[in-house]
């Protein structure tokens, strides 16, 4: 009987994996931001964000490397505070939102690099092209209870990508040299999570 109980204890996490992978949290869009910046005309940066997002994060406080992230962004919700530019970004020169309505990120590897500091590697898909990227993450923070009794946590993520890696190659050469749009895109994400 003792041998049976010991075997059961060993097999339990594999039989019921949800018992060993922590809690699932939802991204709260109203308290989160998915922002980017890119060089314009070689002289300044243009900033923008996506206003419609959703996602889930699974957190195991006993093992930070078991963190799981899945984010879905509505590509048509891009906003750079300039209507004409936003329309251009939605068309086939850039995100081609009619054919590729979503941008997704799914994590597949997490490394702990310090207290509440992680490197999260995953697949980013834009315009039907998937590339592996790594984001530097601060958090997740300890959970707190909001005035309505919901449990919440937060995290910050930063990273850089080359837009051409995802088929976003449109550009124009300036008379003075240089180009209208830079290639490197800086990503800055603030997420607030609410426990499901």
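The values are calculated or read from the model by the stated rules, or taken from the named source; none is laboratory data. A quick note: this is a predicted structure, and the numbers were derived from the prediction, not measured. For neighbour counting, all protein chains shown are included, and Cβ atoms are generated from backbone atoms with ideal geometry for every residue, glycine included.
Values computed for the structure shown
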read-out: Scan of the range 140-190 for residues that are surrounded by 13 or more Cβ atoms within 10 Å (Cβ to Cβ), assigned to a strand (DSSP E or B) and at pLDDT below 95, ordered by number; value: 179, 181, 182, 183
read-out: Residue list for the range 81-108, filter: farther than 16 Å from residue 180 by Cα, touching a helix residue (DSSP H, G or I) at 6+ places or on another chain (Cβ under 9 Å) and in contact (Cβ under 8 Å) with a residue 40 or more places away in the chain; value: 95, 103
read-out: Selection status of residue 112, over 24 Å from residue 40 (Cα atoms) and not in a strand (DSSP E or B); value: no
read-out: Residue that is touching a helix residue (DSSP H, G or I) at 6+ places or on another chain (Cβ under 7 Å) and on the phi < 0 side of the Ramachandran plot, where the choices are 131, 117; value: 131
read-out: Residue selected from the range 77-90 under the condition touching a strand residue (DSSP E or B) at 6+ places or on another chain (Cβ under 9 Å) and in a helix (DSSP H, G or I), by the criterion surrounded by the most Cβ atoms within 10 Å (Cβ to Cβ); value: 89
read-out: Among (1) within 23 Å of the chain's Cα centre (by Cα); (2) at pLDDT 95 or above; (3) over 28 Å from residue 196 (Cα atoms), the one test that residue 83 misses; value: (1)
read-out: Hey, residue 130 more than 25 Å from residue 44 (Cβ to Cβ), more than 13 Å from the chain's Cα centre (by Cα) and not in a loop (DSSP other than H, G, I, E, B) or not; value: yes
read-out: Residues of the range 60-76 that turn out to be within 15 Å of the chain's Cα centre (by Cα) and either more than 17 Å from residue 129 (Cβ to Cβ) or outside any strand (DSSP E or B) (or both), as a count; value: 6
